[in-house]
Each structure stands twice: as C-alpha cells, then as structure tokens.
Amino acid sequence: MKDKVITTVIKECSYSELEPKDQYLVDTAKNATKNSYAPYSRFHVGAAILLDNGEIVMGANQENAAYPSGTCAERSACFYASAKYPDVPMKKIAIAAWTALHTDPQSDYESGFQHHPISPCGACRQALLEYEARYGDIEVILYGKDSIYILPSVKSLLPLSFTEF
Ligand code: THU
C-alpha cells in the first residue's frame, strides 16, 4: 500500500494586492450580496463570474420557505451565465458573503462582510466543476475582509471529484 498525496496551493493576499481587474470582480461579488434573498439564514452571498467575452455575470443566494428549494450564489451565477451564454467559457469566479450584524443592515455595509474567505459548498463546487471540465480552468477568488484566497481552478477545491459515468 502506498500513500497518494493531494496538494492544493492557495495564494493568500489582501484586497490591495489584487490586480485592479480582480478588485473589480470582487467588488461585483460584494455588490451581488445586495441581490441575495436570504430571509431565513440572513447570510447574503454574492458571486461574480468573468466570462471569456469580458462580461461579468452576478449571482446571489435565493432562499425559499421550503428550504431545499433555494440555491446558493455560486450556482445561481453559473447557471445564469450558462443559460445566457451557453458556449462562452467562464474564466474566474469571485465570492463574498455579508451578514446582518446590526439591526439596521444598511447602517454599516462594509462591516457586514465576512472576515475570512467564504468557500463554496460541495454542491456548488460540483456544479462549477462541470463548466470547468467543458471549457478549461476557472480561477476562484474567495473574499474575506482580512484575507483573500485565490485558487487556480475549481478542481483544486474538489479533488477526486465525480466527473463522468
Ligand atoms: N450559501 C451560498 O450562497 N453559497 C455558499 O457557498 C454557502 C452557502 C447560502 C445558502 C443559504 O442561502 C445561506 O448561504 C446559508 O447557508
């Protein structure tokens, strides 16, 4: 029996260290949290996907009283992107999350963002992976106020993934 080692290299940086285009993608993901419908969790997630045609598509989590009927920001973004542009590769995705820390959620907008990078759930990784398998690597930028993680691909977030049957 032998060990097999799976390694994921994550780049960590601050917002100011990002290239302006990536800052813009992160800003778009942060803005997308405002489009979240999250009356149950009050956890507002935004995603922004940069497409190969230069367009940025936003997504936000959409909840429902019948809980499983809702969907995450990442899946709303990639499904929207693919429904709008079925043949255009996705190049990058940025993700941010905002929570209501105060009774008036509008009073302190910046403070509501998560300190640490928010990472997509397993179902969203699986959904994104399939677009990546079709079109090539999708860089993943996970926003936190204190640090940002950059991963080279969705696959690096989901090793040993199920891709075909
Ligand atoms: N959520 C996302 O939108 N993306 C994630 O990566 C994790 C969780 C949403 C689902 C639900 O609406 C809320 O956050 C709390 O789980």
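The values are calculated or read from the model by the stated rules, or taken from the named source; none is laboratory data. Nothing here was measured: the structure is a model prediction, and the numbers come from that model. We place every Cβ from the backbone using ideal geometry, glycine too, and count neighbours over all the protein chains shown. In case anyone asks, the SASA skips ligands and DNA or RNA and just uses the protein heavy atoms, side chains included. Shrake-Rupley method; radii C 1.70, N 1.55, O 1.52, S 1.80 Å.
If only one of Asp137, Asp146 is of a type in the set (Asp, Glu) and touching a His at 6+ places or on another chain (Cβ under 8 Å), which one is it? The unique qualifying residue is Asp146. Per the listing Glu132, Glu139, Glu74, the residue uniquely within 15 Å of the chain's Cα centre (by Cα), more than 16 Å from the ligand (Cβ to nearest atom) and open to solvent by less than 40 Å² (accessible area, probe 1.4 Å) is Glu132. For Ala65, the conditions (1) away from the ligand (no atom under 12 Å from the Cβ); (2) over 17 Å from the mean Cα position of the chain (by Cα); (3) under 22 Å from His44 (Cβ atoms); (4) not in a loop (DSSP other than H, G, I, E, B) all hold with the exception of (4). State whether one or more residues within segment 111-125 are in a loop (DSSP other than H, G, I, E, B), away from the ligand (no atom under 12 Å from the Cβ), among the hydroxyl-bearing types (Ser, Thr, Tyr) and surrounded by fewer than 16 Cβ atoms within 10 Å (Cβ to Cβ). Within segment 111-125 (the criterion being in a loop (DSSP other than H, G, I, E, B), away from the ligand (no atom under 12 Å from the Cβ), among the hydroxyl-bearing types (Ser, Thr, Tyr) and surrounded by fewer than 16 Cβ atoms within 10 Å (Cβ to Cβ)), the answer is no, since none of the residues qualifies.
The set of residues from segment 1-33 being open to solvent by 100 Å² or more (accessible area, probe 1.4 Å) and among the hydroxyl-bearing types (Ser, Thr, Tyr) comprises Thr7, Tyr24.
Rundown of residues vs (1) of a type in the set (Gly, Ala, Ser); (2) touching a Lys or Arg at 6+ places or on another chain (Cβ under 8 Å); (3) without any contact (Cβ under 8 Å) to a residue 12 or more places away in the chain, yes/no style:
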residue	(1), (2), (3)
Ala47	yes, no, no
Glu63	no, no, no
Cys72	no, no, no
Pro120	no, no, no
Ala123	yes, yes, no
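Within segment 75-101, the set of residues being of a type in the set (Gly, Ala, Ser), closer than 18 Å to Tyr143 by Cβ, at pLDDT 95 or above and not in a strand (DSSP E or B) comprises Ser76, Ala77. Applying the criterion of being assigned to a loop (DSSP other than H, G, I, E, B) and of a type in the set (S, T, N, Q) to the residues of segment 1-42, the residue that is nearest to Ala60 (Cα to Cα) is Ser36. Which of (1) away from the ligand (no atom under 13 Å from the Cβ); (2) open to solvent by less than 20 Å² (accessible area, probe 1.4 Å) is the odd one out, the single condition Lys91 does not satisfy? Checking Lys91 against (1) away from the ligand (no atom under 13 Å from the Cβ); (2) open to solvent by less than 20 Å² (accessible area, probe 1.4 Å), the one that fails is (2). Which ones in segment 102-128 are in contact with a His (Cβ under 9 Å, 6 or more places away or on another chain) and at pLDDT 90 or above? If the condition is that a residue be in contact with a His (Cβ under 9 Å, 6 or more places away or on another chain) and at pLDDT 90 or above, then Gly112 is the only one that fits. Return only the number of the condition from (1) in a helix (DSSP H, G or I); (2) surrounded by fewer than 13 Cβ atoms within 10 Å (Cβ to Cβ) that Glu164 does not satisfy. If we test Glu164 against (1) in a helix (DSSP H, G or I); (2) surrounded by fewer than 13 Cβ atoms within 10 Å (Cβ to Cβ), just (1) comes out false.
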